[in-house]
Each structure stands twice: as structure tokens, then as C-alpha cells.
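Engineer: Sharing a structure with you now.
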Ligand SMILES: [Zn+2]
Ligand SMILES: [Zn+2]
């Protein structure tokens, strides 16, 4: 996505309710909270919530992506003139048509735009019409996110009404040509020099009127039908990632292509392992003798046999070892397993242990690791 003109007009940080210095984590968690609150599934028929959800998603698409966020910050820092729209020093940023983003996100919200004159006409026109884009959420186990998974999503999508086949008229009746616009769907409004076309108020831009609306769709010609979609989530998705499944959205009409399906993935944490991009992280407790004298420790991996790690003599607590190729395998590359050794301080000592630790303290008397502090 190249910089959009919209970037000047929208404060994506404000939309997500975070500061412009917010961390990736803060942005993600704000998006998670807001997208739940305004998700169309939980706000059926609420046009304001839909608009808000659309705004939130658009904001997260930009500032939820590190590279895009950098561009966005830069564009906003430089201000609208940086675009060099025909002026000297042009060629800074290239603007794509604002409607691109609207097209990406708009399909799902056709309902909100219906009745907006031309949109209503084209949405039900005779020509090929691209299917709607759909939004879905998916909760994944840590392991499933790493390996990828084929699963079934339940979606409610718009479909041509099965009762009236899209005409909007009760079966057995027929729509009539609108007398006011004579089927054109628009009225010409001459204002001196200019002539404007406005959607016909009598038929809402459709060009026909329905005397007896279809009982299933209340005359809209469209109904919402639950739909099961089998999706393949690629290996390596991260918590909060929004992935686009091309062509898995709503079906196209009149031979048009299907829309896309956007799936926001929420990945639950693992009891032992963590994730850092393609690398898997693991903290392993080790004893003082193991760090001081060195030794070998056995370390589990997420899938596959455990590995043996050699801890060299004099290893400091908090050091991270890299086990090559035992991370997340995606199409592009395979990550590593990052093992961090952490000194486990015993909370209870046997009499013999206490004696030994005291002996160690006595033996190293006078050698303080804090000597360099000079106090
Ligand atoms: Zn119908
Ligand atoms: Zn009309």
C-alpha cells in the first residue's frame, strides 16, 4: 500500500485511542479491544458501529504494520505539501486513489452505502459485480499458528435472495418501471450552466418500483445467509495478524469475481514457549554450578525431540543460545529456537547446601562483583 491521501485526514492513533509513541503491543491490544466492541457480528444493523469498525480496521492496517506505520508517521510529519502534487520538488510520495482503501474494506459495508443513490443502482445492476469482502476472526492455539491449519469459518454473507432471485418483488408479482425516471434511476437537474444527475427519489436509483415486496428480503433482493468457508491459515501467523484470503469472500454476481476474506488471527500463549517473529523463545532455569562450571542441559523443542545444549564455563545468567532451525517454518524461511538460561536461586536450602554456599562465600571473601562501583 503506497501512502494514501487519507493519511493526512485521519489520525489513526486517535482512532485507536493510543498515543503516537505507543508500542506495537499497545496498538495491538487497543485494536483487539475496539474491534471486538464494534465488530459487525455483535452490532447487527448498527450503521455507526460498522463505520467505526471500518475506521478501526483501516487504522490498524497502517499503524499495526511496522513498515507502513513508519511511512505514515513520515507522511504526517512532512505534511500534505510533501506529496508535491504537481508543485516543485514533486515525486516524494505517490498517492493512490483514496477509493482503493474503500474498495478493500467497503464490500462488507454495502448495506451502509445502500440507498446512496448510484451505489444502490450499481450494487444491483445487471453487469458483473464483485463479491463482497468479508471480515472474520479466528482464535488459534500457539501450535496451530506455527504449523498452519485448515479450518472452517462460519460467515454470514450477502447472497442473492433465494425467494425472489434478486428482483425484490414477491414471487408471482413483477417490479414496475419507475414512472418518475422512466427506468433510468437518475433525474437530471439543470442548474443554469450545469446539469447534475441525482438519484431518483421515487425508486432510490433502481429504476423500478416494487408494489408487493418479497417477504424474505423485504424488497432488497439480498439476503444474509450463513455460509461455511474452509480456509487454510498459513504457517507462522502472529497474534493480531490480519491475513487476506484472496477470493474467499462473498460470491460475485452476474459472473463477477468473488470478494476477499480478511481473517484476524488471535493466538493464545503457550505455557512454555514464546514467539518472536519466526523464532521461538524458551527460558530455561539453570543452577549456579551449571553456569559457573559449565555443563550440558536438555532442552525441549516445540515439535520433535529435545536437544542437548552445551553451557560453557562461566556463562552469565540471561545469556541466550540459538538452536538453528528449530523455530517457525514458513514458506519463506525457518526460524531458530532461542534458549535463555536463567539462574534459579533456591528458595529453600538443606543444611548441607547452606554449609556449601557459606563455604563458597567464605572462599571468595574480598572479591566483590561490585568492586568497580567504587563504594
Ligand atoms: Zn427476496
Ligand atoms: Zn425512479
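Engineer: Once you place label points 7 Å from the Cα toward the Cβ at residue 361 and residue 276, how far apart are they in nm?
Structural biologist: Taking the simple label geometry, residue 361 and residue 276 are separated by 3.4 nm.
Engineer: I need the peptides 365-373, 136-144, 170-178 ranked by packing, meaning the mean over residues of other C-beta atoms within 10 angstrom, with the highest value on top.
Structural biologist: Details: 365-373: 7.3, 136-144: 16.4, 170-178: 14.0.
Top of the packing list down: 136-144, 170-178, 365-373.
Engineer: Provide the FRET efficiency to the nearest 0.05 for the residue 152-residue 37 pair, computing r from the beta carbons and using R0 = 25 Å.
Structural biologist: Values: r = 26 Å, r/R0 = 1.03.
It comes out at approximately 0.45.
Engineer: Within the stretch 258-277, find all residues whose amide N lies under 12 Å from a label point positioned 7 Å from the Cα of residue 227 along Cα-to-beta-carbon.
Structural biologist: 258-262
Engineer: Could you tell me the convex hull volume per residue, in Å³, taken over the Cα atoms of the stretch 125-181?
Structural biologist: Working: hull volume 8.2 nm³, N = 57.
Roughly 143 Å³ of hull volume per residue.
Engineer: Still on this model: Given the Cα-Cα distance of residue 347 and residue 319 and 0.36 nm per residue of separation, how much length would full extension add, in nm?
Structural biologist: On the way: separation 28, 0.36 × 28 = 10.08 nm, distance 2.22 nm.
Gain on extension, residue 347 to residue 319, equals 7.9 nm.
Engineer: Give the peptides 239-247, 303-311, 29-37 in descending order of average Cβ contacts within 10 Å, highest first. All intermediate terms of the calculation are to be shown ahead of the outcome.
Structural biologist: Numbers: 239-247: 15.6, 303-311: 11.9, 29-37: 17.3.
Going from most to least packed, we get 29-37, 239-247, 303-311.
Engineer: Another question about this same structure. Describe numerically, in nm with one decimal, the distance between label points set 7 Å from Cα along Cα→Cβ at residue 9 and at residue 371.
Structural biologist: 6.9
Engineer: Which distance in Å, rounded to a whole number, links the C-alpha centroids of the stretch 206-233 and the stretch 309-375?
Structural biologist: Using only Cα atoms, the two centres lie 64 Å from each other.
Engineer: According to the square roots a ≥ b ≥ c of the eigenvalues of the Cα gyration tensor, what is the shape class of the stretch 156-261, taking rounded for a/c under 1.5, prolate for a/b larger than b/c otherwise, and oblate for the remainder? Don't skip to the end; give the middle numbers.
Structural biologist: On the way: a/c = 3.80, a/b = 1.70, b/c = 2.24.
Oblate, since a/c reaches 1.5 and b/c is not below a/b.
Engineer: State, to one decimal in nm, how far the label point of residue 23 lies from the label point of residue 334, with both points 7 Å from Cα in the Cβ direction.
Structural biologist: 3.2
Engineer: Which whole-number percent gives the relative contact order of the stretch 298-375, counting Cα pairs below 8 Å spaced six or more residues apart? Write out the running numbers ahead of the final one.
Structural biologist: Working: 57 pairs, mean separation 14.3, N = 78.
Worked out over the stretch 298-375, it gives 18 percent.
Engineer: A further question on this structure: Quick one: grab the alpha carbon gyration tensor of the stretch 231-375, order the square roots of its eigenvalues as a ≥ b ≥ c, and give me rounded if a/c is under 1.5, else prolate or oblate depending on whether a/b is larger than b/c.
Structural biologist: Numbers: a/c = 3.71, a/b = 3.30, b/c = 1.13.
Because a/c hits 1.5 or more and a/b exceeds b/c, the stretch 231-375 counts as prolate.
Engineer: Here is a further query. What percent do you get for the relative contact order of the stretch 148-223 when only Cα pairs under 8 Å and 6+ apart count?
Structural biologist: Numbers: 124 pairs, mean separation 30.2, N = 76.
Result for the stretch 148-223 is 40 percent.
Engineer: Using only alpha carbon pairs under 8 Å that are at least six residues apart, calculate the relative contact order of the stretch 191-295 and give it in whole percent.
Structural biologist: Details: 80 pairs, mean separation 15.3, N = 105.
This gives 15 percent for the stretch 191-295.
Every read-out reported here was derived from the displayed coordinates using simple, explicitly stated rules and does not represent laboratory data. Since this is a predicted model, take the numbers as computed values, not measurements. Note that we place each Cβ from the backbone using ideal geometry, even for glycine, and neighbour counts take in every protein chain shown.
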